[in-house]
Every structure is written in C-alpha cells, then in structure tokens.
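J.: Here's a structure for you.
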Amino acid sequence: MNVGLVIVSHSSKIAEGICDLAREMAGDVPLVAAGGLDDDSGVPLIGTSFEKVLEAISTADQGAGVVLLTDLGSAVMTAEMALEFIDSDQRLRVRLARAALVEGTVAAAVEAQSGADVDTVTRAAETAIVALDPTELEPFVSHAAAAPGEGGSQSSTDGKPVEAAWELPNPMGLHARPAATLARMMSELDVEVTVNGVDAKSVMLLMSLGLGQGKVLTASAAGPDAQKAIDQIGAEVASGFGEL
Amino acid sequence: MVEGSTSTLTTEWVVAWLRESARVVSENRQYLIDLDRAIGDADHGENLDRGFTAVVKKLDDGTHPATPGAVLKLAAMTLMSSVGGAAGPLYGTALLRAATSLGDTEAIGPDDVAGLLTAARDGIVARGKAESGDKTMVDAWTPAAEAAGTAAMAGASVAEVLAAAANAANAGAAATEPLIARKGRASYLGERSAGHLDPGAVSSGLILQAAADAAGAQE
C-alpha cells in the first residue's frame, strides 16, 4: 500500500502530464490528476474544482494517505478547502505539500514508490529543489582517479569529513530507485553527507546528478555516523544498488 | 427602506442578495474581465458570472433551504465548485463563514449583519492570507466589515448597516488603484500593478452593494 498523490493544477493537461511523468518512476503509486474545471457541458476550462479535488483525494487514498501538490494561487486555496471538508479520520493522513509542482511530484512519487509514509513523502516533495545550477551537476572530481571502483576511505576521529569515491558499476547508474534508497538510508543517520556536492538526503538532488554507469560517485560525510554513512553508500554502490 | 432598528432580514433577503449579485456580476462581466486583463489572467468576470449563474440555477431548481444560513452555505458550495479561479474558494469561504455565524437564525438583525460580514471578511483573510493594502478583496471587505460594525453599534437599521458596508467596500475598492499587488496573480507584475483597480475588490463592492440593494428592496 503506497501513499497516493493528487496533482491540483489550473490545467488538466498539466496535471495529467505530471502524473504521466511521475508514473514512469513510480508505477505502484496512485497518481491522480485534479486539473482544470469542466463547465456545464463538460468543456474543459482553466481553473480548479473543489469537487474534482475531493474526488481525487478519495481515489488516491488506499489507506496509506495522500499528498496534495498544487500549482498557483487558487489551486492552493481549493486544496485547503478540500482538506477542511474531508472527514477527520482521513484528514489525519492527508498532507498539502508546499513544493515546486514538477520537481516535488517526481520526488514524492519516487519516495512513495519506496513505501515511505505520508510525512516522508511530503518532506521529499518539499525538499525537492526548484533551480539547479548546472555547473554543480557534474562537478569536477579532482581525486576521481585515486579510487575508481575501490572505495578508499579515511577515518574521522578528528572531526574531518570521511570521504570516498566509487565508479558506478550498474547499467542504470544512480537512477530514481537507488537515489530514493540512498536518500532514505542517509536520512536515518546522524550525518551531514553530500554526494558529488549535493545533499545525499535529497532524492531529487541525487537524481539530478544524472550519474550513469562508469561515472564516479564521491561521497563526503561528517558527524557521528559519518563512517557508517560512507560504508552504507559503498555497499550500495558495490552491489550496483542490488541490480548486479 | 427598512424602518427602525427592530426590523430584521430573512431567507428572502439572502435569496434576493444572491440573485442581485448574479445580475450585477453578469452586467459587469466584461468590465471585470477588462480589469483582470490589465493585471491578472482576464478570467474574473467570466468565472464569477459562471459561479453566480450556477447559484441562481440552484435557487431556481425549486425548494431552497429554509434558513438564511443554509442558503448561504448552498451558494458557497456552488461557487466553490463552479468558479474555478481564486474567487471560488475566497467567496466560498466568505459565504460559508457568514453561514456559520448565522447558525439557525431566521431573523437577521443589525448586529447579525455586522457579524456575518466580519465572519466573511475573516474567512477571506484566512483563505487568501492577504492583509489590508495588498491590493485584494480584503481592501474592500475590511472597511465594509468595520463600517457595518460601527453602524450597528450606533443603532442603525439592517438596511443602513448594509448601505454603510457597501459604501465602505466601494471606497475601499476605488482606493486599490495606486497600490502595488502583493498577493494573487497580479503580484507577479510588481510595480506594474499600480494604476489599476483590483478586480476582486471591485467585485466585492458590487456584491456588497447588491446586499444593500436587496435589503432596501425587500420592504
């Protein structure tokens, strides 16, 4: 049973398009579009519909809860109204995410696909980054040659970060599922950890790196669980995220 | 006009208010569209006209609920499902809160009028999270609710309370012209939103004027 997502947009095309996009990475997640408004004769209009949102929530809720993601202005207000009208039992498992619609939905869908609970899915949506600096996506890794495929690491008794680098062995590289796995593992640790310069607790940022097979993943961790974090990442990479 | 402060309004006033709102919104449909085209997405007139047309259709469908509060709630739900733009949840919330403030009341006195307008204003503020001066509906509703409260305290009749609210709303709407929008679609325009009336404040003035006219016409 997965958390469901409801996409509230002024445009039915936007809502449906985002569901299509997210479905590619999250086949088991109930993704329900609540876009646009139908006039009396069923002609689609730009706008948001309270009724559509209520219906979508009930369709998306399989018992694990629902996260609503919205576009502009009235979509937010319509979603808020719907939350005031659903019964109080269901209300406990429905969240309205303050997130960028496309990025937030994809991040939430990937998280929901992994079986995460409604609050974790909401957090994934809300921490998905809107604007990415392309120069940060493929950082120059000066020490890449030092450790490809090996995972050399150093200890962190003096508070210095623990670092390691690996070459990705699996054909799909760091795609959505492993990104979600890594981010979830790191979120459970007491650690500040980056992968190729981005926050390793963010599914979206990990995915945005676009690290394919043969690319070098460099992790840097600091904090009480730093070594544990590096060990876990290393084990995941070595097993090709379970895909080898 | 209503004579004396003991006169009260009934469900018939609510129905007349909603019908008059539909009429003036329809009459000003193009005006509201033009205002919204200048600083928004040009749909305010069309959306409100569609919403109030749907409300009138519900009223025409035969028996409407008996109490003023229940009729306001019916109108609120209808607007929320048919307007489409921000005005749907905003006016929907306003009328819902107004309905709640009335409860099962069948005879609406001056204090009730001030109370329902204040509840409606609070609903709009809660839903839209706008403050006075943000160039929104709040700039019409806040002076309207305050004027209604002052008039009711001074012992005015229900019709006088509504007239005070309408006048204040229209003045508030007119005063939105120089403001820079800080909420809603117009806020994307920043300084370019100055020099235009806020369509939501203008429609609020029309709807509150309709409330006053319906009370004046009821006697």
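J.: Residue check, residue B:61 against (1) open to solvent by 80 Å² or more (accessible area, probe 1.4 Å); (2) farther than 24 Å from residue B:181 by Cα; (3) modelled with pLDDT of 95 or more, all met but one. Which one?
T.: (3)
J.: Could you pull out every one of the helices (runs of 4 or more DSSP H) wholly within region A:30-96 that has 1 or more residues that are within 14 Å of another protein chain (Cβ to nearest Cβ)?
T.: Result: A:50-60, A:74-85.
J.: Here's something else I'd like to know. Could you tell me which residue of region A:11-51 is nearest to the chain's Cα centre (by Cα), considering only residues that are open to solvent by 50 Å² or more (accessible area, probe 1.4 Å) and in contact (Cβ under 8 Å) with a residue 40 or more places away in the chain?
T.: Checking each candidate, the answer is A:25.
J.: Out of (1) surrounded by fewer than 20 Cβ atoms within 10 Å (Cβ to Cβ); (2) under 16 Å from the mean Cα position of the chain (by Cα); (3) more than 14 Å from chain A (Cβ to nearest Cβ), the odd one out for residue B:100 is which?
T.: Every condition holds for residue B:100 apart from (3).
J.: Looking at B:164, B:151 in this structure, which one is more than 14 Å from every other protein chain (Cβ to nearest Cβ), among the small types (Gly, Ala, Ser) and buried (at least 24 other Cβ atoms within 10 Å of the Cβ)?
T.: Residue meeting the stated conditions: B:164.
J.: Can you find even one residue in region B:32-47 that is charged (D, E, K, R), within 22 Å of residue B:214 (Cα to Cα) and more than 12 Å from chain A (Cβ to nearest Cβ)?
T.: no
J.: I've got another one for you. For region A:156-238, give me every one of the helices (runs of 4 or more DSSP H) that falls completely inside it and has 3 or more residues that are β-branched (Val, Ile, Thr).
T.: Qualifying helices (runs of 4 or more DSSP H): A:226-238.
J.: Would you confirm, using the coordinates I've provided, whether residue A:6 is within 14 Å of chain B (Cβ to nearest Cβ) and in contact (Cβ under 8 Å) with a residue 12 or more places away in the chain?
T.: no
J.: So in region B:103-130, with the set limited to residues that are within 14 Å of chain A (Cβ to nearest Cβ) and within 14 Å of the chain's Cα centre (by Cα), which one is surrounded by the most Cβ atoms within 10 Å (Cβ to Cβ)?
T.: So in region B:103-130, the residues within 14 Å of chain A (Cβ to nearest Cβ) come out as B:123-130.
Narrowing the set further to residues that are within 14 Å of the chain's Cα centre (by Cα) leaves B:123-125.
Details: B:123: 24, B:124: 26, B:125: 20.
Among those that are within 14 Å of chain A (Cβ to nearest Cβ) and within 14 Å of the chain's Cα centre (by Cα), it is B:124.
J.: Another question, then. What about residue B:41, is it within 23 Å of residue A:49 (Cβ to Cβ) and open to solvent by 20 Å² or more (accessible area, probe 1.4 Å)?
T.: Details: within 23 Å of residue A:49 (Cβ to Cβ): yes; open to solvent by 20 Å² or more (accessible area, probe 1.4 Å): yes.
Against the criterion (within 23 Å of residue A:49 (Cβ to Cβ) and open to solvent by 20 Å² or more (accessible area, probe 1.4 Å)), residue B:41 qualifies.
J.: Please go through region B:52-69 and give me each residue that is more than 10 Å from every other protein chain (Cβ to nearest Cβ), in a helix (DSSP H, G or I) and not acidic (Asp, Glu), ordered by number. Before the answer, list the steps.
T.: So the first thing to find is which residues in region B:52-69 are more than 10 Å from every other protein chain (Cβ to nearest Cβ), and the list is B:52, B:55-56, B:58-69.
Then keep just the ones that are in a helix (DSSP H, G or I); that gives B:52, B:55-56, B:58-60, B:68-69.
Correct list: B:52, B:55, B:56, B:58, B:59, B:68, B:69.
J.: If residue B:140 meets every condition in (1) within 14 Å of chain A (Cβ to nearest Cβ); (2) under 22 Å from residue B:193 (Cβ atoms); (3) open to solvent by less than 20 Å² (accessible area, probe 1.4 Å) apart from one, which number is that one?
T.: Of the numbered conditions (1) within 14 Å of chain A (Cβ to nearest Cβ); (2) under 22 Å from residue B:193 (Cβ atoms); (3) open to solvent by less than 20 Å² (accessible area, probe 1.4 Å), the odd one out for residue B:140 is (1).
J.: Which residues, taken from region B:17-33, are within 21 Å of residue B:217 (Cα to Cα), touching a residue at least 40 places away in the same chain (Cβ under 8 Å) and assigned to a helix (DSSP H, G or I)?
T.: If the condition is that a residue be within 21 Å of residue B:217 (Cα to Cα), touching a residue at least 40 places away in the same chain (Cβ under 8 Å) and assigned to a helix (DSSP H, G or I), then B:17, B:18, B:19, B:20, B:21, B:23, B:24, B:25 are the ones that fit.
The values are calculated or read from the model by the stated rules, or taken from the named source; none is laboratory data. Just so you know, these numbers come straight off a predicted model, no measurement behind them. Quick reminder, even Gly has a Cβ in these numbers, built from the backbone with ideal geometry, and neighbours come from all protein chains shown. Note: areas computed on protein heavy atoms with side chains; ligands, DNA, RNA excluded. Shrake-Rupley method; radii C 1.70, N 1.55, O 1.52, S 1.80 Å.
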